[in-house]
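Encoded as structure tokens, the structure appears first; notes follow it.
The values are calculated or read from the model by the stated rules, or taken from the named source; none is laboratory data. These numbers come from a predicted model, not from an experiment. Here Cβ is always computed from backbone atoms with ideal geometry, including for glycine, and neighbour counts include all displayed protein chains. For the accessible areas, the whole protein counts, side chains as well, though only heavy atoms, and no ligand, DNA or RNA atoms are used. Shrake-Rupley method; radii C 1.70, N 1.55, O 1.52, S 1.80 Å.
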Amino acid sequence: MTRDMDVIRTLLLRLEGRYKGIGTLIFSHGDEELAIEGVDPLAVTYNLDLLVEAGFIKGRVTGMGDFMMEGMTWSGHDFLDSVRDDEIWRRTKEGVNLAGGFTFDLMKALAKGFVRKKVEGLTGIDLL
């Protein structure tokens, strides 16, 4: 099984929209709300587990593949905000592909760099 950054971004967007800030959300393995066209439900579960492991989501994947979410972390929101824009996400993935490999921190830094440039272009303020 591999880490899939498109799946991770999609899951974060969906979970952010679904979680209302209190309680625990429970999704059964293969739940339609988390299903992604063309992606095996096992891959979705695997990437959910990676999101928990990375500290982006508070929750856990059960032994049966169900997912229990207790919220998103500051880091999860921070990463999602850096890749929320479709154009920034596309450019980030292109940059990673050109490099021929990436670490997660490098991908996040690249996305934040694109966001910074976009803000600078819109405001005329150099953000260094």
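Among the residues of segment 48-59, just one is surrounded by 17 or more Cβ atoms within 10 Å (Cβ to Cβ) and more than 18 Å from Y19 (Cα to Cα), namely L50. For segment 56-75, taking the residues that are without any contact (Cβ under 8 Å) to a residue 60 or more places away in the chain and under 11 Å from the mean Cα position of the chain (by Cα), the one that is farthest from P41 (Cα to Cα) is identified as S75. Scanning segment 8-36 for residues that are farther than 22 Å from R90 by Cα, open to solvent by 20 Å² or more (accessible area, probe 1.4 Å) and touching a Phe, Trp or Tyr at 6+ places or on another chain (Cβ under 7 Å) yields L25, E33. Scan segment 5-45 for residues that are under 16 Å from I57 (Cα atoms) and under 17 Å from the mean Cα position of the chain (by Cα) and the total you get is 17. The residue list M5, M68 contains one member that is in contact with a strand residue (DSSP E or B) (Cβ under 6 Å, 6 or more places away or on another chain), farther than 23 Å from V119 by Cα and open to solvent by less than 70 Å² (accessible area, probe 1.4 Å), which is M68. With respect to the stated conditions, K93 fails to be touching a Gly at 6+ places or on another chain (Cβ under 7 Å) and open to solvent by 30 Å² or more (accessible area, probe 1.4 Å).
May I ask you to list the residues in segment 110-128 that are part of a helix (DSSP H, G or I) and either surrounded by fewer than 14 Cβ atoms within 10 Å (Cβ to Cβ) or among the acidic types (D, E) (or both)? Answer for segment 110-128, where residues must be part of a helix (DSSP H, G or I) and either surrounded by fewer than 14 Cβ atoms within 10 Å (Cβ to Cβ) or among the acidic types (D, E) (or both): K117, V119, E120, G121, L122, T123.
One line per residue, one yes/no per condition, for (1) under 16 Å from I8 (Cβ atoms); (2) modelled with pLDDT under 95:
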residue	(1), (2)
V52	yes, no
F56	yes, no
F79	yes, yes
T92	yes, yes
G101	no, yes
D105	yes, yes
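Scanning segment 1-14 for residues being assigned to a loop (DSSP other than H, G, I, E, B) and closer than 21 Å to S82 by Cα gives a total of 2. Taking the condition modelled with pLDDT of 95 or more and either in contact with a Cys (Cβ under 7 Å, 6 or more places away or on another chain) or surrounded by fewer than 17 Cβ atoms within 10 Å (Cβ to Cβ) (or both), does V39 pass? Taking the combined requirement at face value, the residue satisfies it.
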